[in-house]
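Only one structure is covered here, and it is reproduced in the block below.
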Amino acid sequence: MKAIILSAGQGSRLLPLTEDCPKCLLLIGSKSLLERQIDALYECGIRDICVVVGFLAGAVEHHLQDIDKPGLTIRSVFNPFYDVSDNLASCWMARAEMNQDFILLNGDTLFDAQIVTRLLSSPLRAVTLTIDRKASYDSDDMKICLDGDRLVDVDKTIEISRIDGESIGISFFRGEGPSQFCEVLEQEIRKPIGIKRYYLKAINILSTRIHVGVCSIEGLTWAEVDFPQDLEHARNLFAKSGAKRESVVSL
């Protein structure tokens, strides 16, 4: 099993905190956001991790060298387009790593290891998205629409009446899933708008061809860090020892 972490961006919505520090290296307690992700993956038995870097790549790679765990292999892939692209381009840069079953996650999603455990034990589908549900959704949420347990749409602009939850930024590719995903990435990156698209656009396209499944992580703890208030919230959830954790979505 392999994990690919998309950590190429600066995190401009967190400025000035990210002026000289990539978002993934912001501290959550005594550890970086990226190290906490790696800790959770390692706890679930994942020993092979690829990190896509971009903004201040050298600092991120130096930080990765300091993460030493028995049996753990970490390497990086550089996205030279990080400043003008979205994460579909980062996925395309890492397509050579998609040669086996793998978990793909956004570099700004903090999560309990239980989420990965639940995802790994989900029903066998070529592609599976982790999803959560809440009472209301804002314009920045990556909303989903389902037909039973099958994904039919994932986009920020889904109308309220069709929303069945939101993607939390962790996906699982198995069997033919990696090759099918790479095929769509190749098609999309060749389009003029391709470099500006989210990788979930590729999954949306796949959902018209195959059964893309979902895995609900309702009741488990996670947080997305996009804004300063998100960072504070994530620190309260993940950095305070002994604090009671609750199921959380990004602010």
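Computed from the coordinates by the stated procedures, all read-outs in this text should not be read as laboratory data. Just so you know, these numbers come straight off a predicted model, no measurement behind them. Glycine also receives a Cβ, built like all others from the backbone with ideal geometry; neighbour counts cover every protein chain displayed.
Backbone geometry of segment 103-109 corresponds, through the Karplus equation with coefficients 6.51, -1.76 and 1.60 at θ = phi - 60°, to 3J(HN,Hα) couplings of 9, 10, 9, 6, x, 10, 9 Hz, x marking Gly and Pro.
All Cα-Cα distances of segment 85-174, cut into 10 Å bins from zero to the largest, leave 14, 45, 36, 5 percent in each bin in turn. For segment 186-217, list residues with backbone N below 14 Å from a point placed 7 Å from the Cα of Asp155 toward its Cβ? Within reach of a label on Asp155, which here means backbone N under 14 Å from a point 7 Å along Cα→Cβ, segment 186-217 contributes 198, 200-208. For the chain, averaging the sequence separation of C-alpha pairs within contact (under 8 Å, six or more residues apart) and dividing by the residue count gives a relative contact order of 23 percent. If you build a Gaussian network model of the chain, linking Cα atoms that sit under 10 Å apart, which residue out of Ser76, Ser90, Ser139 swings the most? Most flexible of the set in this elastic network: Ser139.
Counting only residues at least eight positions apart within a chain, or on another chain, the lysines with an alpha carbon under 19 Å from that of Lys143 are Lys134, Lys156, Lys196, Lys201. Each helix, a run of at least 4 DSSP H residues, gives -39500 (n - 2.57); summed and divided by the residues of the chain, these come to -7500 deg cm²/dmol at 222 nm.
Binning the C-alpha pair distances of segment 120-214 at 10 Å intervals from 0 yields a P(r) profile of 16, 50, 30, 4 %, listed from the shortest bin outward. Here's the list of lysines a cross-link from Lys23 could span, going by alpha-carbon distance under 18 Å and ignoring same-chain residues fewer than 8 apart: Lys31. Straight-line reach from Lys191: taking Cα to Cα under 20 Å and skipping same-chain neighbours fewer than 8 places apart, the aspartates and glutamates in range are Asp83, Asp86, Asp155, Glu183. Between Val84, Val127, Val225, the Gaussian network model of the chain with springs among Cα atoms under 10 angstrom shows the greatest mean-square fluctuation at Val84. Taking N as the residue count of segment 1-125, its C-alpha radius of gyration divided by 2.2 N^0.38 Å amounts to 1.02.
Going by the alpha-carbon gyration tensor, a ≥ b ≥ c the square roots of its eigenvalues, is the chain rounded (a/c under 1.5) or, if a/c is not under 1.5, prolate (a/b greater than b/c) versus oblate? Rounded.
Along segment 198-206 the Karplus relation, 6.51 cos²θ - 1.76 cosθ + 1.60 evaluated at θ = phi - 60°, assigns HN-Hα couplings of 6, 5, 5, 4, 5, 5, 4, 5, 4 Hz to successive residues, with x for each Gly and Pro.
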